[in-house]
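Derivation of every value follows stated rules applied to the coordinates shown; laboratory data play no part. Given the structure is predicted, the values throughout are model-derived calculations rather than measurements. Here the Cβ is made from the backbone with ideal geometry for all residues, glycine too, and neighbour counts use every protein chain on show.
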Amino acid sequence: MLFKYIGNFRWKDVFEKPYKTNDNSFLNVKRFEIVKGKDIEFRYFEIEKGGYSSLERHEHEHIVMFIKGRGIVLIENEIYEFEPFDIVYIPSFKAHRFVAKYEDIGFICVVKKDRDKPQKLNEEEIKALIEKNPNLKEFLKFGV
């Protein structure tokens with residue numbers, strides 16, 4: 001089955017779906033499910049400049065390839081700056097957040113189809129991350 005790229009980071013017959021509902025832990029995130037296979041999902045996300053994803057952790061792993069823009073990804077107590085075609089691996093239960101600090105960003109994310117629900121971090125967990133790396137404070141102060 002072919003999912004035809006039609007330009008501007010869009011694919012034929014693939015439409016935006018809600019990133020999350022009834023949740024204010026993120027800002028300006030768009031989600032597109034490109035392929036839902038038997039066991040995996042291949043998804044594309046966009047975050048507008050100044051926006052960010054939820055700060056969360058979960059059992060399932062992520063493999064993410066950035067294909068648009070430069071930004072920041074937090075993985076547990078580390079901060080990484082990325083640019084197009086960089087790839088990150090997010091292990092199980094590692095807190096993470098994507099931040100469009102410099103410009104709009106877009107990334108492909110591959111996950112298991114059947115997976116656990118994301119878990120938000122509580123105040124104690126956030127404080128513990130900041131104690132390990134005070135530079136995280138800038139990226140953890142919003143949307144939690």
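Note on segment 74-144 and segment 22-63: Cα centroid distance 11 Å, given to the nearest whole angstrom.
Label positions at D86 and F3, each projected 7 Å from the Cα along the C-beta direction, are separated by 2.4 nm.
Using only the Cα atoms of segment 68-108, build the gyration tensor, take square roots of its eigenvalues as a ≥ b ≥ c, and label the shape rounded, prolate or oblate: rounded if a/c is under 1.5, else prolate if a/b is larger than b/c, else oblate. Note, shape of segment 68-108 comes out prolate.
Legend: P(r) of the chain from all alpha carbon pair distances, 10 Å bins from 0, whole percents, reading 11, 42, 36, 9, 1.
For the chain, the longest principal axis of the alpha carbon atoms and the long axis of helix 123-132 meet at an angle near 80°. The length gained on full extension between E61 and E76, counted as 0.36 nm times the residue separation minus their Cα-Cα distance, comes to 4.1 nm.
Only helices enter this figure: runs of n ≥ 4 DSSP H residues, each worth -39500 (n - 2.57), summed and divided by the residues of the chain, yield -2500 deg cm²/dmol at 222 nm to the nearest 500. Taking a Cβ cut-off of under 14 Å around V14, the surrounding Lys, Arg, Asp and Glu residues balance to a net charge of +3, with basic ones at +1 and acidic ones at -1.
Within a straight-line Cα-Cα reach of under 27 Å, K127 can be paired with the following lysines, leaving aside sequence neighbours fewer than 8 residues apart in one chain: K20, K49, K94, K101, K117, K137, K141.
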